[in-house]
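Q: I'd like to ask you about the structure that follows.
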Amino acid sequence: MIEAIEAGGIRMQPVSLSHREVDAFYHCFSNRTIWPLYHDAIHAPEFDESWWDAYVRVNARFARSIAENANHGDSVWIHDYHLQLVPAMLRELKPGLRIGIFLHIPFPPRELFGWLPWRARIAEGLLGADVIGFQTESDAANFMTAALTFTNARTGSDGALSVYDRRVRIDSFPISIDFDEFSSGASDSAVKRAAESIRRKVGPERRILLGVDRLDYTKGIDLRLRAFAHALHAGSLSVENCVLIQVAVPSREPVPEYARMRDSIERLVGRINGEHAVPGRVAVHYFRRSLPRKELLAYYLAADAMIVTPVRDGMNLVAKEYVACRNDESGVLVLSETAGAAQELREAILVNPRDISGTSDAIVRAAKMPATEAAARMIALREHIRSHDVHRWADGFLGALCE
Ligand code: ADQ
């Protein structure tokens with residue numbers, strides 16, 4: 001066993017995995033089976049018995065480690081799709097705990113979940129918890145239906161599920177950000193200077209459209225680029241008055257689908273610039289790197305519009321971070337209706353990201369929106385995120401767990 005690490009007053013107990021387990025449990029089962037399946041099977045999920053075996057083994061190791069470190073009566077909060085079997089395994093090892101699990105990604109409709117050869121085991125694994133949290137009400141409803149279909153769970157009297165003699169609460173807890181931290185970070189004078197410098201460099205007269213994402217096929221970066229190119233072709237926007245800055249963090253590169261997607265996005269950027277750039281004016285600035293927090297804030301501040309177009313996303317925090325940074329109430333958010341955040345951020349311009357001309361129209365509308373309309377929308381968005389921040393999310397979940 002690796003020794004515990006102490007940081008920021010928190011004792012962390014690492015759970016060690018072999019390289020083989022990282023591959024089979026993390027890169028393969030988590031990211032080639034569960035991730036695509038739970039994101040509406042945008043890419044075909046792959047099913048492999050040996051990946052599943054590694055998933056079970058690693059989940060059991062996490063459960064054992066928690067059982068060794070938790071005391072009777074403690075509350076345990078498990079996170080995300082990598083550890084869906086842990087709640088039931090942990091309950092078996094240590095029945096006297098309060099167990100919660102929160103899924104950061106969508107939960108698919110029953111028909112898709114039913115593709116999994118191990119659907120019953122996974123649903124039963126989750127049902128070991130006292131509280132199962134999802135990003136949206138429809139994710140929670142999808143899980144309810146799956147649990148009623150594939151396990152012995154039954155509907156309880158109060159909308160919860162009843163599993164043998166236990167009550168399991170299934171609910172939505174939309175995650176958020178630390179609004180105050182982003183808002184005050186964006187009022188820092190060095191961040192403001194960096195934002196002005198970005199504006200100066202791209203041309204102060206140009207509208208800046210911004211995309212910030214992990215390089216992931218769920219994020220719709222290719223669709224966003226195509227929608228922007230559509231507006232350039234149509235002449236509704238030009239490189240003289242507009243630029244798209246796309247910041248993309250490399251992610252899960254050992255998964256073949258990710259390497260292919262990265263290549264195709266980079267070809268697309270080259271094609272758009274090849275067709276539309278003029279001396280001193282590219283259409284798309286593309287950065288493949290992770291940015292330090294202050295630099296990220298400077299981009300949020302510099303951008304006239306934030307373009308968030310995932311084909312499927314549990315929540316999407318980038319949309320919320322952008323809004324929190326807009327202290328002067330300027331700026332426009334274009335947001336996919338298929339991101340969990342769209343359930344809350346109704347004053348964004350909502351788009352179907354697969355509708356290229358519709359998204360293109362939304363981008364043009366965002367770039368040209370009159371300041372008064374933009375401010376009215378931004379004020380409402382900010383008010384929502386300020387009052388629904390990450391502290392409220394954590395208190396809500398832990399409150400439910402301790403009820
Ligand atoms: P992610 O899929 O990673 O998270 P998201 O919610 O957008 O997606 O969070 C990404 C984070 O990475 C943001 O905090 C953003 O600032 C940061 N980031 C992105 N690009 C960056 C860059 N180039 N440099 C530095 N930082 C960058 C998963 C789910 C989401 C869900 C979250 C939280 O897929 O749907 O919102 O968990 O539950």
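Q: For segment 387-403, indicate whether the set of residues that are closer than 27 Å to residue 36 by Cα and open to solvent by less than 10 Å² (accessible area, probe 1.4 Å) is non-empty.
A: Yes, some residue in segment 387-403 is closer than 27 Å to residue 36 by Cα and open to solvent by less than 10 Å² (accessible area, probe 1.4 Å).
Q: I'm checking my understanding of the structure. Among residues of segment 26-64 that are crowded, with 17+ Cβ neighbours inside 10 Å and among the polar types (S, T, N, Q), which one is farthest from residue 16 (Cα to Cα)?
A: Step by step, filter segment 26-64, then rank; the result is 33.
Q: Somewhere in segment 47-58, is a residue touching a Pro at 6+ places or on another chain (Cβ under 8 Å) and more than 22 Å from residue 124 (Cβ to Cβ)?
A: no
Q: With respect to residue 151, determine if the residue is outside the structural domain of residue 345 (by TED's automatic domain parsing) and more than 30 Å from residue 68 (Cβ to Cβ).
A: Answer is no for this residue.
Q: Right, next: Look through 268, 291 and report the one residue that is within 14 Å of the ligand (Cβ to nearest atom) and assigned by TED's automatic domain parsing to the domain that holds residue 368. Outline the logic, then answer.
A: Working: 268 fails: within 14 Å of the ligand (Cβ to nearest atom).
Step by step, each of 268, 291 is checked, and only 291 is within 14 Å of the ligand (Cβ to nearest atom) and assigned by TED's automatic domain parsing to the domain that holds residue 368.
Q: What are the residues in segment 305-322 that are in contact with a Lys or Arg (Cβ under 6 Å, 6 or more places away or on another chain) and more than 11 Å from the ligand (Cβ to nearest atom), if any?
A: Those that are in contact with a Lys or Arg (Cβ under 6 Å, 6 or more places away or on another chain) and more than 11 Å from the ligand (Cβ to nearest atom): 307, 309.
Q: Something else now. Can you find a residue that is within 16 Å of the ligand (Cβ to nearest atom) and hydrophobic (A, V, I, L, M, F, W, C) anywhere in segment 359-374?
A: Within segment 359-374 (the criterion being within 16 Å of the ligand (Cβ to nearest atom) and hydrophobic (A, V, I, L, M, F, W, C)), the answer is no, since none of the residues qualifies.
The values are calculated or read from the model by the stated rules, or taken from the named source; none is laboratory data. Since this is a predicted model, take the numbers as computed values, not measurements. With ideal geometry, Cβ positions are generated from the backbone for all residues, glycine too; neighbour counts draw on all protein chains shown. Note: accessible area is taken over every heavy atom of the protein model, side chains too, but ligands, DNA and RNA are not part of it. Shrake-Rupley method; radii C 1.70, N 1.55, O 1.52, S 1.80 Å.
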